[in-house]
Structures are given as C-alpha cells and as structure tokens.
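Worksheet: the structure to be examined is printed underneath.
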Amino acid sequence: AQIVAVDDVIIKAVERASLKALEASTIFANETTGGIISVNTLLSKAKASITDSTVQSTTGGITVDAFNLAVMDAETTSEMTSKTNAVSVIISFNALGVDASNIFFQAADAILGSDYLIEQDPAGALAFVERSDLDAGTDINVTADTSEEVIADLTGLPAQALDDGGIFDNSDDDTAGD
C-alpha cells in the first residue's frame, strides 16, 4: 500500500481487557471432604504495524503505536461446615498474560517455581514496521506499551483509575482519548 499525507500519519492499536471472577462455595454436611479448583486466564494483545508499504508525510510525523491494558480481579473462597470432620482444599490459578489452561502443569510449575511445562504466549503490545519505506517531515515513532494490573478489589473503582493504570498518555484527563 502507498500512503501520502500532508499531516501526521498515525497507526494506533489500543486493547483494554478486564476480568472479574468470584468463586464462592458453601458446603454444609454431617461429615464432608471437598475442594475447589479455580482457573482464571486473561489474555489480551494489541498490535500496530506497517508492512509492505510506502508511507510519506510531507510536513508531519509517522507514528506506529500499540497499547495494551489487562486488569484482573479474581477471588476464590470456600466455607465448609460439618458436625464432625471437615477437610477442604482450595487451589486457585490466576494467569494474566499467559495461557495456563492445563491445571496439572500449572500445579507442577507452581510447586517448582518454574515455567517449564506451560507454553507461554504473553499478553502485551507489539508495534513494528517491516519491509516498508517511511518518509516523514518530522519524527518517526514506533512504540509499544503494556500494563498488567492485578487489583484486589475493583468495587467502587472509577473507570478513570483503570484507564490511568496503564499510563497510556501520562495524564489524568481523557481529552486525548486514551
């Protein structure tokens, strides 16, 4: 493709993903044994690129920018009441930016403190230019920013606080559309 512009050329990708999960179980029995396995995975990506193109901005700049914000709030609770013996086990796997759907491999990796068994495909932002010619009257900028936030409680948190968590434009106002 060929693009010729007088002013700025801006290629921008913005991704905002959030997950709020609650697993709350209550068991009442004479004698009981039980457990909970909770798996929460949040994956998100933003990709901005110029590929196999000629882009010209006669008086402005060329910007390729990707921004990704992933916010997770996951809670697992269990209440077990018994007249005699009660045994409860809670296992919770919360993966932010890594596809960790195999709970057995997750458990082994958690015990080992490793990432040997889980194939990682991290969340993030990617911005690039490949096999392209760029000609700008001012600056050429290629940037990628990502922010992953694990928040204990999102209740009552205004959208602006989540937005500023990523610090996309380093401001507290939304006039720039971040």
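Residue-wise test of (1) in a loop (DSSP other than H, G, I, E, B); (2) open to solvent by 50 Å² or more (accessible area, probe 1.4 Å); (3) in contact with a His (Cβ under 9 Å, 6 or more places away or on another chain).
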residue	(1), (2), (3)
ALA13	no, no, no
ARG16	no, yes, no
ILE27	no, yes, no
ILE37	no, yes, no
LYS47	no, yes, no
VAL55	no, no, no
GLY60	yes, no, no
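Somewhere in segment 68-76, is a residue open to solvent by less than 50 Å² (accessible area, probe 1.4 Å), of a type in the set (S, T, N, Q) and within 30 Å of ASP133 (Cβ to Cβ)? Yes, because at least one residue in segment 68-76 is open to solvent by less than 50 Å² (accessible area, probe 1.4 Å), of a type in the set (S, T, N, Q) and within 30 Å of ASP133 (Cβ to Cβ). Pairing residues of segment 31-55 that are basic (Lys, Arg) with residues that are outside any strand (DSSP E or B), at Cβ distances under 8 Å and at least 6 apart in sequence or on separate chains, gives LYS45/ALA123. Those residues that are small (Gly, Ala, Ser) and more than 12 Å from ASP135 (Cα to Cα), I need them from segment 1-20; list them, please. Correct list: ALA1, ALA13, ALA17, SER18.
Determine whether ASP7 is at pLDDT 75 or above, open to solvent by 20 Å² or more (accessible area, probe 1.4 Å) and not in a strand (DSSP E or B). Yes.
Rundown of residues vs (1) hydroxyl-bearing (Ser, Thr, Tyr); (2) in contact with an Asp or Glu (Cβ under 7 Å, 6 or more places away or on another chain); (3) at pLDDT 80 or above; (4) part of a loop (DSSP other than H, G, I, E, B), yes/no style:
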residue: GLU79; (1), (2), (3), (4): no, no, no, no
residue: VAL87; (1), (2), (3), (4): no, no, no, no
residue: ILE91; (1), (2), (3), (4): no, no, no, no
residue: ALA95; (1), (2), (3), (4): no, no, no, no
residue: PHE105; (1), (2), (3), (4): no, no, no, no
residue: ASP109; (1), (2), (3), (4): no, yes, no, no
residue: ASP115; (1), (2), (3), (4): no, yes, no, yes
residue: ASP135; (1), (2), (3), (4): no, no, yes, no
residue: THR146; (1), (2), (3), (4): yes, no, yes, no
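Return a yes/no flag: does segment 43-65 have any residue that is within 30 Å of ALA86 (Cβ to Cβ) and of a type in the set (Val, Ile, Thr). For segment 43-65, residues within 30 Å of ALA86 (Cβ to Cβ) and of a type in the set (Val, Ile, Thr): absent.
The values are calculated or read from the model by the stated rules, or taken from the named source; none is laboratory data. Because the structure is a prediction, the values reported are computed rather than measured. No Cβ is skipped: glycine too gets one built from the backbone with ideal geometry, and neighbour counts run over all protein chains shown. Remember, those area values only see protein heavy atoms, side chains included, never the ligands or the DNA or RNA. Shrake-Rupley method; radii C 1.70, N 1.55, O 1.52, S 1.80 Å.
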